[in-house]
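One structure is given below, encoded as C-alpha cells.
Nothing in this text is a laboratory measurement; each read-out follows from the coordinates by a stated rule. The structure presented is a predicted model; accordingly, all values stated were derived computationally and were not measured. So basically every Cβ, Gly included, is an ideal-geometry build from the backbone, and we count neighbours across all protein chains shown.
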Amino acid sequence: MSLVLIHPAPDALWADARLAGVLRRALGERPVQILTRAEELDGLPGRTLLFALPLGEWGINLEYIRMLVRLRSEPGLLEGCTAGLIVDGAGELYTKSAAAELALALNRAGCALIGRPLVEGTGSLANFQVQAQVQGATLMGAYEAAVRDLAERLENPGFPRKERPRLLALHASSHHTSNTMALWSRVRAELEDRCDIQEIGLRNGTLSDCSGCPYTMCLHFGERGECFYGGVMSEEVYPAVRAADALVLLCPNYNDALSANLTAFINRLTALFRQTRFYDKAVFALIVSGYSGGDILARQVIAALNMNKSFYLPPRFALMETANFPGQAMALPGIVDRLEDFARNIRRTVLAE
C-alpha cells in the first residue's frame, strides 16, 4: 500500500517551493498518495503517513490548523496509522514546537510515531550543520538525506512484541502522598500478570543532571554503557533501560514542566544513546497536573524521548489527569475505566498475543 503524503497547502500542493523540491528528490519514484486538505483525512486508518508541514516565517499554516481541528476533535480519525513528520520553516523558530503539537494531536487520534520521526528544516538549515559535516554534504544535501532515511524507515514501521515484556517505570514521587503513584499502582496491577515490571525512584539527591561533557568524552563512556558522572544512572538506570521493552514515565506536573529528576534522567540518557538507539522500545507517560497543562508535559516527553532519543511512540501513549489534593485522582469520575484503558493500551503495544 502506498505512502500517504499529507501536505497541508493553502493553494496548491507545491505552494512551498523548498519543501516541494526536497520531497520530489527524496521520495523519488516511490508511490505516494497526496492529500492537501482537511476534508481529505477520511479513510486512512491503518495507513502509513508522512506529514510534511510547511510553515511560513511566523509558524502559521492555516490549512494545517484546519487539520489540527479534525485531529483533536475526532479521536479515531487515524486509528492504527503510523507516521513520520517533516516540518519546514522560513525562519529559525516554531518548527520544533509545531512538530510536538502535531505529534501529540496525531497520537491522540490513534496514530503511532516511529522512533526519531521528525525531520526539521529551519530557515537557514543550520540545524543540519553536524550531519552535513559528517556526510561531506551541503546543508540541503543533508536535509534531503534525512527525508530519504525517514521515508525508508517508514516502509517497515512495525514494533516487536514479546511473550513476557519488561516494563521500566521511572518516578520521583512519594508513594504515600502522590496522586501519580496512586494511579500507577492501579495500572501496574492490570499489567503484572503478563509483564515483568521494575520501578526505579529518582528522588532528591540520587541523580545529578548532565553537565555537558565534550562529545568525545560522552561517546567514550557511552560505548562502555556508562556515564562520566556514574551514580544511579550508570549503576541502575542504564542496565534497566537496556533490558526494558517499554518505559513508563510517571510525571507529576511541576510548573508546567517535567520534574527536575526526570529531566536529569533524559539529559543523562544521552551517553547511552551514543551507543545504541531505542527504536524497539516504547515510551508511555502517566501525567497528573494540579490545575492544567498536562499536554505541555506530553509534548515534552514526545520531543525528548520520541523525537530526540528515538523511542517508539504508541497510539495514545499518555494518560493525562488533573488532581491536586492527596487521594483526589482515584476519586475522579470514570478514572477506573481510563486506567484500565491505559493498561490495555500498554498490553496491546508490547504483548505478543
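Evaluate E = 1/(1 + (r/R0)^6) for Ser292 and Glu29, where r is the Cβ-Cβ distance and R0 equals 35 Å; express this FRET efficiency to the nearest 0.05.
Details: r = 48 Å, r/R0 = 1.37.
Efficiency for this residue pair is about 0.15.
For a quick protection proxy, order the peptides 258-265, 236-243 by their average other-Cβ count within 10 Å, most packed first.
For the peptides 258-265, 236-243, the packing ranking is 258-265, 236-243.
Find the all-direction average of the projected area of the Cα convex hull for the stretch 3-154, expressing the result in square nanometres with one decimal place.
8.1 nm²
What does the C-alpha gyration tensor say about the overall shape of the stretch 10-90? Classify as rounded when a/c is under 1.5, otherwise prolate if a/b is larger than b/c, or oblate.
Here the stretch 10-90 falls in the oblate category.
Just to confirm the number: angle between the C-alpha axis of helix 139-154 and the first principal axis of the chain, 0 to 90 degrees, nearest 10?
60 degrees
Quick one: order Glu190, Glu29, Glu144 by neighbouring beta-carbon count within 10 Å, fewest to most.
Going from least to most buried by this count: Glu29, Glu190, Glu144.
As I understand it, the value is the acute angle between the Cα axis of helix 335-350 and the longest principal axis of the Cα atoms of the chain; what does it come to in degrees, rounded to 10?
Once rounded, the angle reads 70 degrees.
For a quick protection proxy, order the peptides 111-119, 307-315, 342-350, 155-163 by their average other-Cβ count within 10 Å, most packed first.
Values: 111-119: 24.6, 307-315: 23.0, 342-350: 18.7, 155-163: 12.7.
The most tightly packed comes first, giving 111-119, 307-315, 342-350, 155-163.
Enumerate the residues in the stretch 76-98 having an amide nitrogen under 15 Å from the point lying 7 Å beyond the Cα of Asp149 toward its Cβ.
85-86
Excluding Asp196 itself, what net charge comes from residues whose Cβ is under 15 Å from its Cβ, given Lys and Arg +1 and Asp and Glu -1? Can you show the working numbers first?
Working: positive: Arg161, Lys162, Arg164, Arg166, Arg188, Arg194, Arg242, Lys281, Arg347; negative: Glu163, Glu190, Glu192, Asp193, Glu199, Asp245.
Within the 15 Å Cβ shell, the charges total +3.
Which angle from 0 to 90°, rounded to the nearest 10, does the C-alpha axis of helix 62-73 make with the longest principal axis of the chain?
Its long axis makes an angle of about 30 degrees.
What does the C-alpha gyration tensor say about the overall shape of the stretch 23-67? Classify as rounded when a/c is under 1.5, otherwise prolate if a/b is larger than b/c, or oblate.
oblate
In sequence order, what are the phi-derived ³J(HN,Hα) couplings for the stretch 124-138 according to the Karplus relation 6.51 cos²θ - 1.76 cosθ + 1.60 with θ = phi - 60°, rounded to whole Hz, with x for glycine and proline?
8, 6, 5, 5, 9, 4, 5, 4, 4, 5, 5, 7, x, 10, 6
Under a plain spin-label model, where a point goes 7 Å from the Cα along Cα-to-Cβ, how far apart in nm are His176 and Arg274?
4.1 nm
Pull out the extension gain between Arg348 and Ala331, defined as 0.36 nm times the separation in residues minus the alpha carbon to alpha carbon distance; nm, one decimal.
Working: separation 17, 0.36 × 17 = 6.12 nm, distance 2.63 nm.
Separation in residues times 0.36 nm, less the Cα-Cα distance, equals 3.5 nm.
Can you work out the FRET efficiency for the pair Asn324 and Ala137, with r the C-beta to C-beta distance and R0 = 45 Å, to the nearest 0.05?
Working: r = 52 Å, r/R0 = 1.15.
For Asn324 and Ala137, the calculated efficiency is 0.30.
Net charge near Gly115, counting Lys/Arg +1 and Asp/Glu -1 over other residues with Cβ under 9 Å of its Cβ?
+4
Which value, in debye to the nearest 20, describes the size of the charge dipole of the chain about its Cα centre when Lys and Arg Cβ atoms bear +1, Asp and Glu Cβ atoms bear -1, and nothing else is charged?
Rounded to the nearest 20 debye, it is 440 debye.
Among Ala285, Pro165, Ala182, flag the residue with its Cα farthest along the positive direction of the charge dipole of the chain, charges on Cβ as +1 for Lys/Arg and -1 for Asp/Glu.
The Cα lying farthest towards the positive end belongs to Pro165.
Viscosity 1.306 mPa s, temperature 10 °C: what is the translational diffusion coefficient of the chain from Stokes-Einstein with a Kirkwood Rh over Cα pairs, rounded to a whole number of µm²/s?
D = 75 µm²/s.
Picking from Pro54, Pro45, Pro333, which is most flexible by a Gaussian network model of the chain using Cα springs under 10 Å?
Pro333
Just to verify a number: FRET efficiency for Ala126 and Arg161, C-beta to C-beta distance, R0 = 51 Å, to 0.05?
On the way: r = 40 Å, r/R0 = 0.78.
For R0 = 51 Å, the calculated efficiency reads 0.80.
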